[in-house]
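Okay, so here's the structure we're looking at.
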Amino acid sequence: SSGLICPELFSAKVGAHLPELLAATAGPRVAIFYDAIPLKYPELTPPRTIARFPGYLRELLLFDGVAAISEDSAACLRDYWQWLGVTHTPVVQAIPLGVDASRPALASGATSSAIPRLLCVCTIEGRKNHLALLDACEKLWNEDLRFELQLIGMARPDTAGEALDRIDALKQAGRPLIFNGSVPAAALESAYQSCFFTVYPSLIEGFGMPVLQSLQQGKPCICSGRGALGESARGGGCVSLETISAESLSAAIRRLLQNPTEMAQLSAQARSRALRSWTDYCRNFTSWMKSLSRQN
């Protein structure tokens, strides 16, 4: 049977043609919803995305179902529609994303660095909160704690100018900071293998893929315990923080660097996590999609 899947936040041009596109599809017609970050953190979101987002959320009402990538994202979408006063809405189902099925055979805390290396994998943009992480590391370096920080991720200058300037200043000051930008998959896997643990300082996410990728590689992760990130962190292998500040990050980093017993426990938890694969995701998604009925 035919159907329609819209896997991305579609443009206004596409949105204008949605009624005819949906009418031409026998059904079911579903969209994937990622997050409500433009509503929650407009100050950390590009202006064009903010302007487009309310219209996009209204256009989602035209579908038979919306698959949110986390329980938190699903709740945000339902709450927004309730706030609008909409009574007839599509089915909203949380279907968490998957990760690659293979696991590397790594020893606990394996690292090829002479000193412990911390890894942060995410785009360099405002809401990823790199400034708090950099402040935390500077505090610990000033305490003569020995470690390296490696940052991997594409730079988004529209919201990351201050963080990029701070990275440059720390490197010029001689701090053990490595900034690689975007890297190929093989280099990313090598970075995971070389790190002691990962830090994901993001303030808000629709899912939190880097947390699961870290666990998939057998490496503990320091991250937020709230929202979708908390969903990804549950089950072990993570240090979940109530707030993501320079103070909380520095305390968590210091704790793991100075407590090998806790590191070993978290590494064991990470390796034992039963993570959802992309096959699981596809199976859940298609089964749910087939269960939907036409709304209009």
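The values are calculated or read from the model by the stated rules, or taken from the named source; none is laboratory data. Keep in mind that this is a model prediction, so the values were computed, not measured. Note that each Cβ is placed from the backbone with ideal geometry, even for glycine, and that neighbours are counted across all protein chains shown. Quick note on the areas: whole protein, heavy atoms, side chains included, nothing else; ligands and nucleic acids left out. Shrake-Rupley method; radii C 1.70, N 1.55, O 1.52, S 1.80 Å.
A compact table of results
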read-out	value
Enumerated strands (runs of 3 or more DSSP E) restricted to the range 116-225, each holding at least 2 residues that are touching a helix residue (DSSP H, G or I) at 6+ places or on another chain (Cβ under 8 Å) and under 13 Å from ILE253 (Cα atoms)	117-121, 197-200, 221-224
Residue list for the range 230-280, restricted to those being open to solvent by 60 Å² or more (accessible area, probe 1.4 Å), at negative phi and either outside any helix (DSSP H, G or I) or among the aliphatic types (A, V, I, L, M) (or both)	ARG234, SER240, GLU242, THR243, ALA274, ARG276
Condition met for LYS171 (modelled with pLDDT of 95 or more and more than 24 Å from TRP278 (Cβ to Cβ))	yes
Check on LEU145, open to solvent by less than 40 Å² (accessible area, probe 1.4 Å), in contact (Cβ under 8 Å) with a residue 24 or more places away in the chain and over 28 Å from GLY227 (Cβ atoms)	yes
Selection count where residues are of a type in the set (D, E, K, R) and touching a Phe, Trp or Tyr at 6+ places or on another chain (Cβ under 8 Å), scope the range 247-285	0
SER214 being buried (at least 20 other Cβ atoms within 10 Å of the Cβ), under 24 Å from GLY126 (Cα atoms) and either among the polar types (S, T, N, Q) or in contact with a Ser or Thr (Cβ under 7 Å, 6 or more places away or on another chain) (or both)	yes
GLU20 being assigned to a helix (DSSP H, G or I) and closer than 21 Å to GLY126 by Cα	no
Exclusive hit being farther than 30 Å from ARG273 by Cα and either under 19 Å from the mean Cα position of the chain (by Cα) or of a type outside the set (Ser, Thr, Tyr) (or both), set GLY161, GLY236	GLY161
Only one of ALA94, ALA75 that is out of contact with any Gly (no Cβ under 8 Å at 6 or more places or on another chain) and either open to solvent by less than 10 Å² (accessible area, probe 1.4 Å) or free of Cβ contacts under 8 Å to residues at least 12 places away in the same chain (or both)	ALA75
Every residue from the range 78-91 that is outside any loop (DSSP other than H, G, I, E, B) and free of Cβ contacts under 8 Å to residues at least 60 places away in the same chain	ARG78, ASP79, TYR80, TRP81, GLN82, TRP83, LEU84
Subset of the range 1-34 (residues that are open to solvent by 70 Å² or more (accessible area, probe 1.4 Å), over 18 Å from PRO90 (Cβ atoms) and in contact (Cβ under 8 Å) with a residue 24 or more places away in the chain)	SER1
The range 169-190 residues that are open to solvent by 60 Å² or more (accessible area, probe 1.4 Å), paired with ones that are in a loop (DSSP other than H, G, I, E, B) (beta carbon under 6 Å, 6 or more apart)	SER182/MET154
